[in-house]
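Below you'll find the structure, written out as structure tokens, and then a few comments.
Just so it is clear, none of the values below were taken in a lab; they were calculated from the coordinates. Bear in mind that the values here come from a model prediction, so they are computed numbers and not experimental data. Positions of Cβ are generated from backbone atoms using ideal geometry, with glycine treated the same way; all protein chains shown enter the neighbour counts.
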Amino acid sequence: MPEGSNQIPEKFRDKNGYWTGVAIDPICFMFNAKFLKDHGLEAPTSWKDLLNPAYKSQLQMADARTSGTAMYRILSLVEAMGEDEAYSYQRDLNKNVQVYTKSGAGGALPIARGQAAGGIFFLVDALEMQQKGYDIVISYPVDGVVAGIEAMALVSGAKHPDLAKKFLDWASTERMQRIYEESQINLIPSNPNVKISNPGLDMSKVNVLPLDIKWAGENRERLVERWINEVLK
């Protein structure tokens with residue numbers, strides 16, 4: 001395990017030391033501020049809010065056949081509601097979807113430009129729209145979301161394992177993870193000792209649900225197939 005990785009919470013690293021999470025990226029809602037204002041709406045704060053008829057054919061989000069963001073959207077719903085209810089919900093949500101984009105961030109710019117009302121993204125993509133000056137609103141469902149973990153590991157048979165170990169040691173440190181905010185890389189440090197000044201990265205009031213990564217990996221194909229057969233068709 002990398003030196004200093006003990007500073008990183010256990011939920012962000014492999015219990016057997018195979019990988020260490022160096023950044024966190026939760027799922028969030030991103031909406032066009034003008035659309036909300038024009039329709040007298042507040043930013044959604046629950047998954048149920050996205051079923052509002054005001055959003056009919058106005059939501060953009062990623063296609064689970066091609067996007068990891070979409071997979072984490074599905075996992076968020078499964079963790080928040082249970083699997084069967086999550087798929088029932090997605091069938092209802094589908095009525096409000098304008099388009100499922102090939103990439104996870106594919107709908108971010110159209111929403112920012114007002115071509116759609118809102119959608120579901122990784123936080124890093126939503127914050128990028130804010131950085132570019134677009135008037136968007138980021139919110140989270142009280143029911144909860146899961147977060148992606150940006151992880152690093154030493155590959156078996158690496159040509160330069162000693163250098164790789166030094167890099168992994170450095171990646172776990174406060175010094176490295178402070179670079180995210182300094183360089184406007186909108187990831188949340190996994191090291192809790194790193195102080196964050198950007199309020200957009202403050203997760204203290206966000207219900208981040210635990211995710212069994214092993215289970216998610218083993219069930220990914222099945223969950224995607226279920227989405228295709230029960231939601232798209």
Next item on the list: Could you name the lysines whose alpha carbon sits less than 19 Å from that of Lys15, not counting residues in the same chain fewer than 8 places away?
Entry: Lys165, Lys214
Check: For the peptides 160-166, 91-97, what is the packing order when you average, over each peptide's residues, the other Cβ atoms within 10 Å and list the highest mean first?
Finding: 91-97, 160-166
Next item on the list: Specify whether the C-alpha gyration tensor of the stretch 115-173 places it in the rounded, prolate or oblate class, a ≥ b ≥ c being the square roots of the eigenvalues: rounded for a/c under 1.5, otherwise prolate if a/b is larger than b/c and oblate if not.
Entry: prolate
Checklist line | Selection from Gly4, Tyr89, Gln184 lying farthest towards where the dipole of the chain points positive, charges on Cβ | finding: Gln184
Notebook entry, point to check: Cα to Cα, under 28 Å, and not fewer than 8 places away if on the same chain: which lysines meet these conditions relative to Lys95?
Noted result: Lys34, Lys37, Lys48, Lys56, Lys233
Notebook entry, point to check: Ala43 to Glu218: extension gain in nm, 0.36 nm per residue of separation minus the Cα-Cα distance?
Noted result: 59.6 nm
Next item on the list: Note down the Stokes-Einstein diffusion coefficient of the stretch 1-64 in µm²/s, whole number, using a Kirkwood radius over alpha carbon pairs, 25 °C, and 0.890 mPa s.
Entry: 159 µm²/s
Check: For the stretch 111-233, what class follows from the C-alpha gyration tensor (a ≥ b ≥ c being the square roots of its eigenvalues): rounded when a/c is under 1.5, otherwise prolate if a/b is larger than b/c, else oblate?
Finding: oblate
Notebook entry, point to check: Please identify the chymotrypsin sites (Phe, Trp or Tyr not before Pro) of the stretch 1-78 that satisfy two criteria: DSSP loop assignment and at most 12 other Cβ atoms within 10 Å. Which are they?
Noted result: Tyr18
Margin query: Over the Cα atoms of the stretch 20-106, what radius of gyration and what Dmax do you get, in Å?
Written below: 13.6, 45
Notebook entry, point to check: Calculated FRET efficiency, Met152 and Lys11, Cβ-Cβ r, R0 25 Å, to nearest 0.05?
Noted result: 0.95
Notebook entry, point to check: Want the number for Asn94 to Asp162: 0.36 nm per residue separation, take away the alpha-carbon distance, what's left?
Noted result: 19.5 nm
Checklist line | Only Lys, Arg (+1) and Asp, Glu (-1) charged, at Cβ; the chain dipole about Cα centre in debye | finding: 420 debye
Note to self: Among Ile111, Met203, Ser46, whose Cα projects farthest towards the positive end of the dipole of the chain, with charges put on the beta-carbon of Lys, Arg (+1) and Asp, Glu (-1)?
What the structure shows: Ile111
Next item on the list: Quick one: dipole size for the stretch 89-191, taken about the Cα centre, charges +1 on Lys/Arg Cβ and -1 on Asp/Glu Cβ, in debye to the nearest 20.
Entry: 320 debye
Check: Length gain on complete extension for the stretch Asn229 to Lys205, per 0.36 nm per residue less the alpha carbon to alpha carbon distance?
Finding: 5.1 nm
Margin query: For the chain, what does the relative contact order come out to in percent, with C-alpha contacts under 8 Å and a separation of six or more?
Written below: 33 percent
Check: How far is helix 68-81 tilted, in degrees, relative to the longest principal axis of the Cα atoms in the chain, given as a value from 0 to 90 rounded to the nearest 10?
Finding: 80 degrees
Next item on the list: With a bin width of 5 angstrom, please list the P(r) values of the stretch 1-145 as percents of all Cα-Cα pairs, from the 0 bin to the one holding the largest distance.
Entry: 2, 10, 18, 21, 18, 12, 8, 6, 3, 1, 0
Item checked: Pair Glu85, Asn198: separation of 7 Å Cα→Cβ label points (nm) -> 3.4 nm
